[in-house]
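One structure is given here, and the rest of the page talks about it.
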Amino acid sequence: MLAIWAALVAPLSAGALSFSNRYRSPRNPERAIRKATRLIVLHTTEAGARSSLNKLSERGEAHYCIDEKGVAYRIVDRNREAFHAGRSMWSGKEECDSYSIGIEVVGHHDKPVTLAQLDAIRDLVALLKKEYRIDDAHVVCHSHVAYGAPNKWQKRNHRGRKRCGMLFAMPSVRQRLSLKARPAFDPDVRARRLVVGDPYLEKVLYGRVDTMAGKIGRNVAPPPKEGFFASLFNKKPAEMANEPEKENYYAKPPAPANAPAKAPKKAPAKANANPPPAPAAAKREPASQRDLEDRMKYRELGTLGPKSSPYKVAGRSWNAATTYYLIRGRVVRGDRLDPKRAQAGTRVFTRK
């Protein structure tokens, strides 16, 4: 029995791929062992690395998360279920969490990710494909499998609830990931289980729309801050200490050999006696009930009930990133809300 358990949780061998257990989720022991693995689902966090990793770890919402430097953080053991897909369906089978592996990538669905991330995704996906015997066409993005329930604008169950991970369906990105195939059509739309709710998304997933062509590698992470205190937070995890250094994708490219010399910098102008005010700091995302009620400027819209749906309380902003739901003490952002879990008594907030 011990040998079987060890085989299930043993780390994947990865060559130059760097893994870290720093954000391993405390939810691991309570998650069921997955009975089947048919899909690899690629997501985009739509937020920065630190907040994303903390949230994913706390809630056990992915198996892996790859940051801008290409480090693959293990969140939930790969043989267990991670709650990453939400309301989802593929080929008529719902609850994709029960038969898929979820990989979150720090970034946004409509912006290029770094070359280091692309290399890490390629290597990790190759390992998982080999282990679970998954072909290229079954490496999908979250927007392939997510679907929405009927609402005011769409009377039927529909594809198009999320655009999460959309760029990983584009030919230029899949080529960089060494994926030679992608789903040719939506099996659930073809079988009329769902209808198309986002025509543009359908063109990206199954057509020729490729907004990433020629942009791969342009969006790079900022160079790490210098200084003693910054160095404490930029150290590699212990298990990465013996990994070979990768090419530095964050360094500024050298100037061409025949580039003209730059003119010497002029002396700075005299400081303005009345300088413009500094821009306001970006608003921090609320993480607790106290943040919503006391520490941050949020306005309560109302409470969900048997006849008060998220839409009735928050209107068209019910699933916006500026709307927040307080569910049993947990703060859930509107664009990550699963309406099935928003039970009566849930309080709804928005930014003032």
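Where a number appears in this text, it was derived from the coordinates with a stated rule and is not lab data. Because the structure is predicted, anything quoted here is derived from the model rather than measured. Cβ sites come from the backbone with ideal geometry, for glycine too, and all protein chains shown count toward neighbours.
Some points to look at:
- Ordering of 54-60, 172-178 by burial proxy (mean other Cβ atoms within 10 Å per residue, highest first): 54-60, 172-178
- Charge tally around S143: other residues with Cβ under 9 Å, Lys/Arg +1 each, Asp/Glu -1 each, net +3.
- Kirkwood-Stokes translational diffusion coefficient of region 289-351, alpha-carbon pairs, 20 °C, 1.002 mPa s, µm²/s: 190
- Gain on full stretching of the segment that runs from R316 to R24 - 0.36 nm per residue minus C-alpha separation: 101.5 nm
- Karplus-derived 3J(HN,Hα), 6.51/-1.76/1.60, for each residue of region 341-352, Hz, glycine and proline x: 9, 8, 7, 4, x, 5, 8, 10, 10, 9, 6, 6
- Annotation for region 54-104 versus region 165-216: alpha-carbon center distance of 20 Å.
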